[in-house]
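As structure tokens, the structure follows; a few thoughts come after it.
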Amino acid sequence: MTNNQAKLMQGNEACLEGAIAAGMRFFAGYPITPSTEIAEGASERLPMVGGKFIQMEDEIGSMAAVIGASLAGLKAMTATSGPGMSLKLENIGYASLTEIPCVIVNVQRGGPSTGLPTSPAQADIMQARWGAHGDHPSIVLYPASVSEAYSVTVTAFNLAEKYRMPVILLMDEVMGHMRERVVLPDAKDLQIVNREKASVPPEEYLPYKADPDGGVPEMPAFGEGYRYHVTGLIHSENGFPTTDAKKTATLLNRLMKKIDNNLDDIVKYQEDSLDDAKIVLIAYGSTARSAKSAMDMAREQGIPVGLFRPITIWPFAEDKVKEIAGKAEKIIVPEMNLGQYRSEIERAVAGKCEVIGINRADGEIITPEDIYEKIKGVL
Amino acid sequence: MTSNLVKNYFRMDKLPHIWCPGCGHGIITRAVMKAIDELKLDKDKVCIVSGIGCSSRASGYLDFNTLHTTHGRALAYATGLKHANPDLEIIVITGDGDCSAIGGNHLIHAARRNIGITAVAYNNNIYGMTGGQYSPTTPTGDKGTTAPYGNVDKVFDICTLAQAAGASYTARATVYHAQLLTKLIKNGILNKGFSIIDAVSVCPTYYGRKNKKGDAVKMMEWLKDHAVNVSAATKLPEEKLAGKFLIGELYHNPQPEYTEEYKKIIESLRRG
Amino acid sequence: MSSTEIRLSGSGGQGLLLCGIILAEAAILDGKNAVQTQSYGPEARGGASKSEVIISDGDIYYPKVRKPDIFLALTQEAYDKYVGSISKEGIIIADQSVEVSDVKCAKIYCLPILDTAKNDVGRIMVANIVALGTINEITSLVSPEALERAVLNRVPKGTEELNRKALVAGKEICNNK
């Protein structure tokens, strides 16, 4: 299959192809709408490239199997939607603490609970940040086109490998199911990051030894001669449990600093017509597409509207949002939830300008007209 | 004097272990090490995967690739490890609550797939680490801190459960029958598919004390008096078996192993 | 920048999803941009389902159809349910079994799509491909070459002739009228 040819592709399919291009060779999942096409595709494609697929008995088991496979040295992924995501959180927390690279795709549908299985939503924004218990870092990415479903999935794997942590890729039902024209990059043009293997012999290896100021420890695979211990208990550099307060603090601080010290590398976004914008739309995922259309409609009427589209949802692009708040008069945040990201934006804006939400959690997507009407309404 | 088994297979600097005096878990752990030693397994290829609970602390003491996972999930983690790299020798150390309550679903499905994992269930009939709550293997009528008036629940037989779900090897021994236990673990490892060994342990601290079973020695004696080898049982009249339980190799029926079957798919696609 | 919104509707199982995919792929073969979405959710139940395509020379952001320029209805239920938002300049193409209402649009065609599939081509299951032939004959949405290639790329092996025949039959029912 030649890549650099225009073709029609579904969001879920592009996500899978991106994952395979990034080197994903293990997928464990459980059927759930609207993400199932990713599992179906993985079951077909992975054995073709020598990879492994498994349909586990439940969502918890699939997350566990992904972590096990990653420890065995394979790049591993799972895909799910809200109810499944809730079940995976236990082991996502485990992957955070034990620093096991993996990618979790959540194609969001209406919630809470079983909610609206076949309708889009963006209401797992806060779950993606704080779902697992305890303090932990998160990297959460959100593409807005089929083409980006491919490229951002590659990025998700790269960040997972580089920072040794679970990375969540959010999509929504619209993103997952829509088909659109894509021109995929050549595999040789992709930048692929692989985890650092051990640079010392086994007798000198300490599985969690790293610069306390945000360093990332090296990670040989199980079976490569480094017989180390991995535990979900708080552990010291040698990997074994500790309850020592100082060691606990050192570990948790290092996990957070892995992210905080590398924001420039991790935080990705798209800016559109912000320079003269009096009104700035902040939108992500499929809603950003409506926002873009609304912005064009407003610009045609001479209304100076700009669009800021976070691709990295977490960590939050705080500095950038503060900068926008210093220049714009109003920020409008359309999202298919009841104001989850808006609350974070309001925190960063801290009253410097007005923040207005456009919110829907009824399974319907926010249209360009909805946003355009709001723009006119706040003028 | 430290035995060679301990020297060769334990992380000496991680000892002493956390288990109470009289706990049977040390005997089971020794049996697992003895089985590995007798089979001369490559330490670098052995992965010990455990869940949460008293039993599951064993992984930290053992000098292999060791993975101490979340409660009940050891078999699911182990499935990922084995599927990703079938050359690894995976031994899961779990407890009665870990594998038959919170992890019950993973147990039946690991058995159903007949994936090449050997699970050793350290079965002490109680949740020890949290202080003595009744588990799915606490005999009906017995007490736990959450069954102050006696346990109403019926009991899971871990081997029968696993066999019904598709395990190709099931066996049971007790901490009194340590040599048999070693032999059964060895045979479980040699079986290509999913094997489970119900290793009946004793918890004098919680289960014993709550149920007035006496000290560890008394509890060991009870195991000796109530275990009947499966080969002897066939010759015994039914009344002699009342109140007894079976030990030995309970079921062995080699079946295609999961990762080998999956490998065939990969190879067929490569040829195609 | 020209952009065309197409809504394809009928009952579940008539292959409208595939119909939309083929149309979008044909547009891409012609060097245009295309987005295809399908209705999931409550509106997919009760027998009526739809697949939507937007074809444009430029970028397409909002992916859903708002005011269809072309509306296909193979069943009454689908017609009644989805005709409402038709564009004033829109074209309706309905199976002749559909009783069309008095709606404001440019043109309404009622054609024997289902009958043609069943009787002339011989398989009711190719009604979606017959419909594609009809739609393209009336609207010239995509080039006939691209449409044929897109159809042949997507249909099961061994059914190429049948589908080619369906495409031609769909085209011809316009001329017979």
Q | Index of the failed condition, A:Arg109 passing every other in (1) among the charged types (D, E, K, R); (2) closer than 30 Å to B:Cys47 by Cβ; (3) in contact (Cβ under 8 Å) with a residue 60 or more places away in the chain; (4) buried (at least 24 other Cβ atoms within 10 Å of the Cβ) | A | (2)
Q) Do we have any residue at all in the stretch A:98-113 that's under 24 Å from A:Gly51 (Cβ atoms), in a helix (DSSP H, G or I), at pLDDT 95 or above and of a type outside the set (Lys, Arg)? A) yes
(Q) Being small (Gly, Ala, Ser), within 21 Å of A:Arg181 (Cβ to Cβ) and in a helix (DSSP H, G or I) is the filter here; which residues of the stretch A:5-35 pass it? (A) A:Gly11, A:Ala14, A:Gly18, A:Ala19, A:Ala21
Q) Out of the stretch B:19-40, which residues are touching a Phe, Trp or Tyr at 6+ places or on another chain (Cβ under 9 Å) and either in a loop (DSSP other than H, G, I, E, B) or within 12 Å of chain A (Cβ to nearest Cβ) (or both)? A) B:Cys20, B:Gly24
**Q.** Among (1) surrounded by fewer than 16 Cβ atoms within 10 Å (Cβ to Cβ); (2) more than 14 Å from every other protein chain (Cβ to nearest Cβ); (3) in contact with a Lys or Arg (Cβ under 8 Å, 6 or more places away or on another chain) - the single one A:Gln270 does not satisfy
**A.** (2)
Q. Given A:Gly11, A:Gly61, which one is of a type in the set (Gly, Ala, Ser), surrounded by 22 or more Cβ atoms within 10 Å (Cβ to Cβ) and more than 12 Å from chain B (Cβ to nearest Cβ)?
A. A:Gly11
Q: Output the helices (runs of 4 or more DSSP H) that fall wholly within the stretch B:157-272 and possess 3 or more residues being in contact with a Pro (Cβ under 6 Å, 6 or more places away or on another chain) and within 14 Å of another protein chain (Cβ to nearest Cβ), or say none.
A: B:258-271
Q.
Could you check the stretch A:132-176 and list, in sequence order, the residues that are within 22 Å of C:Gln36 (Cα to Cα) and either at pLDDT below 95 or among the small types (Gly, Ala, Ser) (or both)?
A. A:Ala144, A:Ser145, A:Ser147, A:Ala149, A:Ser151, A:Gly176
Q. Can you tell me which residues in the stretch C:57-86 are within 14 Å of chain A (Cβ to nearest Cβ) and either crowded, with 24+ Cβ neighbours inside 10 Å or not basic (Lys, Arg) (or both)?
A. C:Asp57, C:Gly58, C:Asp59, C:Ile60, C:Tyr61, C:Tyr62, C:Pro63, C:Val65, C:Ser85
(Q) Can you list residue pairs whose Cβ atoms sit under 8 Å apart, with the first residue in the stretch B:66-87 being more than 7 Å from chain A (Cβ to nearest Cβ) and in a helix (DSSP H, G or I) and the second being crowded, with 24+ Cβ neighbours inside 10 Å and charged (D, E, K, R)? Count only pairs 6 or more apart in sequence or on different chains. (A) B:Ala74/B:Asp98
Q.
Can you confirm whether A:Ile311 is of a type in the set (A, V, I, L, M), over 17 Å from A:Glu373 (Cβ atoms), modelled with pLDDT of 95 or more and in contact with a Lys or Arg (Cβ under 6 Å, 6 or more places away or on another chain)?
A. yes
Q: Test each condition in (1) at the interface with another protein chain (Cβ under 10 Å from one of its Cβ atoms); (2) in contact with a Lys or Arg (Cβ under 9 Å, 6 or more places away or on another chain); (3) not basic (Lys, Arg) for C:Gly31 and report the one that comes out false.
A: (2)
Q: Take the stretch B:238-255 and flag every residue that is surrounded by 12 or more Cβ atoms within 10 Å (Cβ to Cβ) and over 21 Å from B:Asp198 (Cα atoms).
A: B:Lys240
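For the stretch B:89-106, give me the residue count where each residue is surrounded by fewer than 24 Cβ atoms within 10 Å (Cβ to Cβ) and within 7 Å of chain A (Cβ to nearest Cβ).
Looking only at that region, the number is 1.
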Q. Looking at this structure, is A:Arg181 more than 18 Å from A:Val105 (Cα to Cα), assigned by TED's automatic domain parsing to the domain that holds A:Leu16 and either outside any helix (DSSP H, G or I) or without any contact (Cβ under 8 Å) to a residue 60 or more places away in the chain (or both)?
A. yes
Q.
Only one of A:Ala210, A:Ala198, A:Ala221, A:Ala144 is within 14 Å of chain B (Cβ to nearest Cβ), touching a residue at least 40 places away in the same chain (Cβ under 8 Å) and part of a loop (DSSP other than H, G, I, E, B). Can you tell me which?
A. A:Ala221
Q: Return yes or no: is B:Lys186 modelled with pLDDT of 95 or more and surrounded by 18 or more Cβ atoms within 10 Å (Cβ to Cβ)?
A: yes
Q: Answer yes or no: is there a residue in the stretch B:107-120 that is away from chain A (no Cβ under 11 Å), surrounded by 23 or more Cβ atoms within 10 Å (Cβ to Cβ), part of a loop (DSSP other than H, G, I, E, B) and touching a strand residue (DSSP E or B) at 6+ places or on another chain (Cβ under 8 Å).
A: yes
(Q) Looking at (1) surrounded by fewer than 21 Cβ atoms within 10 Å (Cβ to Cβ); (2) at pLDDT 95 or above, which one does A:Arg179 not meet, given that it meets all the others? (A) (1)
Q.
Between a residue in the stretch A:321-336 that is assigned by TED's automatic domain parsing to the domain that holds A:Phe308 and touching a residue at least 60 places away in the same chain (Cβ under 8 Å) and any residue that is crowded, with 19+ Cβ neighbours inside 10 Å and aliphatic (A, V, I, L, M), which pairs come within a Cβ distance under 6 Å, given they are 6 or more apart or on different chains?
A. A:Met336/A:Ala121
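The values are calculated or read from the model by the stated rules, or taken from the named source; none is laboratory data. Just so you know, these numbers come straight off a predicted model, no measurement behind them. Every residue, glycine among them, receives a Cβ derived from its backbone with ideal geometry; neighbour counts consider all protein chains shown.
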